[in-house]
Amino acid sequence: MARNGNFVFVGGTEGIGRATALNVAQQGASILLVARSADRGAAAVDAMLTAGARDAAFLKADLSTIAGAAEAATAITAWRPAIDGLMHSAMSAFSGKTVTADRLEFAFALQYLARAIINRLCSDTLAASGDGRIVHLAGAVPYRMAPPDLDDLQFERRKWGFFKAILTTHVEGFLFLDEASRRWSDRPIGLYATGVASTKTKAMQDPAMPLIMQMMGWFGTTPEKSAVNATRLLLDDKRPALKAAIFKNPKAFEPTPFDMPPQEAARLWDITTDIATRKGVHLP
């Protein structure tokens, strides 16, 4: 039996996030979409209702700032007293090093920090469902390929590179999920990442992306095919036996432990806490 509770999709107005949200909407679930564009949000809400959602709403948010991510989390927890699923797929097109209003490297801010902040601030609401599930959309990047430099997360001393920045955020997300599984060991929250192949999404094909990324988008698979594992993770009546796992192969539903270095995971958790605290956001 598929679940049909309350589900939040951060970045759910287009691409794989939208495709997953539509699959969940078809089960009669309540849907909250979090993204930047009000126009795309309104269109996506209509699509969710047409697909069969019990109800659907849109939350406009700037996830590139710490305050914006915290405000989004506050609105999410006010939306429903319990959340069954929280999926992250937000990304944006860029080709050069960009620094946010918080003086953080853009990929780190959007594709790691915003996820960590929202997850931690929404953890009570996820636990309140009795079976809350967090799903990160990610590339199946091995730790050894892109180990984060925890002493230079903002590329202030190292030379910035597009792929180095992007791939590192995937690993940072895995470190977060692995550490959360230890810190939340007694809480009913599943922590998952689902790997996807190159996919034809608007972000991937954006001219602001490096050419190789655009080509991957042109020749990639469809968002609907890339949404299969995320949909199962959110909707299956029984969650995977592993509390925390990555599904590396998008064509197979096979959970694998994250197997991240625990000292690095704990240190990144503490660094995240410190970064947020300096901006007045206190993370549990």
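Express in Å², to the nearest 10, the accessible area of residue 160 obtained by rolling a 1.4 Å probe over the protein heavy atoms while all chains stay in place.
The value for residue 160 is about 50 Å².
Taking 0.36 nm per residue of sequence separation and subtracting the Cα-Cα distance, how much length would be gained by fully extending the chain between residue 156 and residue 79, in nm to one decimal?
23.9 nm
Relative contact order (percent) for segment 1-58, with alpha-carbon contacts under 8 angstrom and 6 or more residues of separation?
RCO, segment 1-58: 36 percent.
Does segment 1-159 come out rounded, prolate or oblate, given a ≥ b ≥ c as the square roots of the eigenvalues of its C-alpha gyration tensor, rounded meaning a/c under 1.5 and, failing that, prolate meaning a/b above b/c?
prolate
For labels at residue 26 and residue 274 in the simple 7 Å Cα→Cβ model, what's the distance in nm?
4.7
Solvent-accessible area of residue 64, probe 1.4 Å, all protein chains present, reported in Å² to the nearest ten, please.
For residue 64, the solvent-accessible surface is approximately 20 Å².
Find the accessible area per residue for the chain; the probe is 1.4 Å, ligands and nucleic acids are left out, and the unit is Å².
Here the residues of the chain average 42 Å² of exposed surface.
Given the Cα-Cα distance of residue 221 and residue 55 and 0.36 nm per residue of separation, how much length would full extension add, in nm?
56.8 nm
For segment 241-282 and segment 75-146, write down the distance between their C-alpha centroids in whole Å.
With segment 241-282 and segment 75-146 each reduced to a Cα centre, they are spaced 10 Å.
Take the solvent-accessible surface of the protein heavy atoms, probe 1.4 Å, and return the percent of it on the chain that carbon and sulfur atoms account for.
Solvent-exposed carbon and sulfur of the chain make up 53 percent of the total.
Going from most exposed to least, what order do 115, 144, 239, 182 have by accessible area with a 1.4 Å probe?
Descending accessible area places them as 144, 182, 239, 115.
The values are calculated or read from the model by the stated rules, or taken from the named source; none is laboratory data. Bear in mind that the values here come from a model prediction, so they are computed numbers and not experimental data. FYI the Cβ positions are ideal-geometry reconstructions off the backbone, even for glycines, and counts take in every protein chain you see. With ligands, DNA and RNA removed, areas are computed over all heavy atoms of the protein, side chains included. Shrake-Rupley method; radii C 1.70, N 1.55, O 1.52, S 1.80 Å.
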